[in-house]
Amino acid sequence: MTTWNRFDRSQKIFVWLTAIFVISLFIADEVGAMLFSFRLPFLKDPVLLSAGIIPFPVTFILTDLLNEFYGKQGARFVTWVGFGMCLLAYAYLTVGSWLPVDAGTFIPKPVYLTIYKQYTGMFVASLLAYLIGQMLDIQVFHTIRAITKHRFIWLRATGSTVISQMFDSLIVTTIAFWGQMSLNDMLRLAMGNYTWKFIIAVGITPLLYLGHMILKQLMPQQERQLESVEPEYKS
């Protein structure tokens, strides 16, 4: 029997969930400074959003599933792993900015530094907002879970996301674009991102139920085992 086969199914699934969470978080940070806009027929102003709105909602689902099957400790552990990996990515980018550039490079140094400097502003903003948002999300999730006696998955999942992402959107926009955009534009961007995060959080609820159903089938004893580790998890 190989070492890998000694891991039980719940441990292997935890690795997969962590990996998907980290890559989604990193890509959201990497492309977060790129803004895009589009018009809707029923809105006067164009919708202005950060490209990070695309991968970031994946972390909503994963955080909720981690809360459900691995408890506060598991969700917080993955939160800190994501934080650490973003720091590592930033370190790599920083080292890259110090390297002497060859004349035949496909990416000129000024282009690299432009991307690096923009990522630096978004990096600081997103990491701070990420930590506050994630910890708040986890706490609100379990508070609602306790109040509802473990019923209404949609309520604790959507409720925790709606509350935490309000803080996330305001913090990340304020820090990343302070001095680059007017206060009105920053508020419009923050509220636009928050509104769409809210819409997405509601829209992906069926995916949350699907993920919950799949994981419950793959790990039928996981929730019961979690009760022995986190007594407040009991219904």
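Observations
- Filtered by the rule that a residue be hydroxyl-bearing (Ser, Thr, Tyr) and in contact (Cβ under 8 Å) with a residue 12 or more places away in the chain, region 144-180 gives Thr158, Ser160, Thr161, Ser164, Ser169, Thr173, Thr174.
- Of all residues in region 164-173, those satisfying the criterion of being buried (at least 17 other Cβ atoms within 10 Å of the Cβ) and more than 14 Å from Pro57 (Cβ to Cβ) are Met166, Leu170, Ile171, Val172, Thr173.
- In a residue-by-residue description of region 107-120, the property of being within 24 Å of Asn193 (Cα to Cα), touching a residue at least 40 places away in the same chain (Cβ under 8 Å) and in contact with a Phe, Trp or Tyr (Cβ under 6 Å, 6 or more places away or on another chain) applies to no position.
- Within region 131-163, restricting attention to residues that are surrounded by fewer than 16 Cβ atoms within 10 Å (Cβ to Cβ) and among the hydroxyl-bearing types (Ser, Thr, Tyr), the residue that is nearest to Leu65 (Cα to Cα) is Thr143.
- Enumeration of residues in region 187-226 that are without any contact (Cβ under 8 Å) to a residue 24 or more places away in the chain, hydrophobic (A, V, I, L, M, F, W, C) and open to solvent by 20 Å² or more (accessible area, probe 1.4 Å): Leu187, Met191, Ile199, Leu210, Met213, Ile214
- Residues of region 101-114 include at least one that is within 25 Å of the chain's Cα centre (by Cα), under 30 Å from Gln165 (Cα atoms), part of a helix (DSSP H, G or I) and at pLDDT below 80.
- Contact annotation: residue pairs with Cβ atoms under 6 Å, 6 or more positions apart or on different chains, pairing a residue in region 14-36 that is within 15 Å of Ser169 (Cα to Cα) and touching a residue at least 40 places away in the same chain (Cβ under 8 Å) with a partner that is in a helix (DSSP H, G or I) and open to solvent by 20 Å² or more (accessible area, probe 1.4 Å), are Ala28/Phe56; Ala33/Gln118.
- Within region 48-61, the residues that satisfy the criterion of being buried (at least 23 other Cβ atoms within 10 Å of the Cβ) and either at pLDDT 85 or above or aliphatic (A, V, I, L, M) (or both) are Thr59, Ile61.
- Filtered residues of region 209-235 (kept if modelled with pLDDT under 85 and in contact with a helix residue (DSSP H, G or I) (Cβ under 7 Å, 6 or more places away or on another chain)): Gln222, Glu223, Leu226, Glu227, Val229, Glu230, Glu232, Tyr233, Lys234
- If you go through region 20-34 and keep only what is aliphatic (A, V, I, L, M) and surrounded by 14 or more Cβ atoms within 10 Å (Cβ to Cβ), you end up with Ile20, Val22, Ile23, Leu25, Ile27, Ala28, Val31, Ala33.
- Region 124-166, subset of a type outside the set (A, V, I, L, M, F, W, C) and not in a helix (DSSP H, G or I), residue farthest from Ile204 (Cα to Cα): Lys149
- Filtering Ile53, Ile107 for residues that are closer than 17 Å to Met34 by Cα and aliphatic (A, V, I, L, M) leaves a single hit, Ile53.
- Among the candidates Gln73, Gln11, the residue that is polar (S, T, N, Q), touching a residue at least 40 places away in the same chain (Cβ under 8 Å) and open to solvent by 60 Å² or more (accessible area, probe 1.4 Å) is uniquely Gln73.
The values are calculated or read from the model by the stated rules, or taken from the named source; none is laboratory data. On a predicted model such as this, the values are computed, not experimentally measured, just so you know. All Cβ positions, glycine included, derive from the backbone under ideal geometry; neighbour counts span all protein chains shown. Heavy atoms of the whole protein, side chains included, go into the accessibility calculation; ligands, DNA and RNA do not. Shrake-Rupley method; radii C 1.70, N 1.55, O 1.52, S 1.80 Å.
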